[in-house]
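The values are calculated or read from the model by the stated rules, or taken from the named source; none is laboratory data. The model shown is predicted, which means the values in this text are computed figures rather than measured ones. Here the Cβ positions follow ideal geometry from the backbone for every residue, glycine too, while neighbour counts run over all protein chains shown. Just so you know, the surface numbers come from the protein's heavy atoms only, side chains and all, with ligands and any DNA or RNA stripped out. Shrake-Rupley method; radii C 1.70, N 1.55, O 1.52, S 1.80 Å.
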Amino acid sequence: MNQLDLSSINERAPYQVSRLDKEGVYEFYTKHGIHYFVDFMEDDFLMTPNVYQFSIVNVNHKSSPRDSDVRDTVIAIVDDFFIQNKSALLYICETSDSRQSMRSRLFASWFEKDCHKNDFVIMTADVTDEEGVTNYAAIIVPLETPNFEQIVSEFKNTITLFKNKPC
């Protein structure tokens, strides 16, 4: 993964973003004292190259009030990711606190409002596992991604496979 341009991000982001020593990990703090990591790592869920998993982690697990500056900061980071990397982003919602449905809706709404939404396709999916837990995923694929069709097709096929797996 190509490094993100922090000066470009910080020109647009309401919160100051910095890079951690670990490759692909960035952080910022909100006015409410919430510490976030934004992490990009090569994906091993899909076999197609040029796909990264993307996560947003509330490091100190503080309750997060509605804060549009968090959205704007994350969008600035993701926009720069797409500028620096011709890749897709896969987002899988955390399930540990049973708030994955809310996370999925929030994440999708952030990108539906993004001014660059005509530059990419976002696809969302949910799959219920054997324990009855619904898992939510989304993939954002810029239209200019070299293997766009392959990524979209594999995402659809993988979700279909999980939804239709034998009992």
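Summary of values
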| read-out | value |
| --- | --- |
| Fraction of accessible area attributable to carbon and sulfur, the chain (%, probe 1.4 Å) | 50 |
| Label-point separation in nm, Leu20 to Val57, each point 7 Å along Cα→Cβ | 0.4 |
| Cleavage-rule hits (trypsin sites (Lys or Arg not before Pro)) in segment 1-100: DSSP loop, at most 12 neighbouring Cβ within 10 angstrom | Lys22, Lys31, Lys62, Arg66, Arg99 |
| Sparsely packed GluC sites (Glu not before Pro) within segment 21-50, loop by DSSP, other Cβ within 10 Å at most 16 | Glu23 |
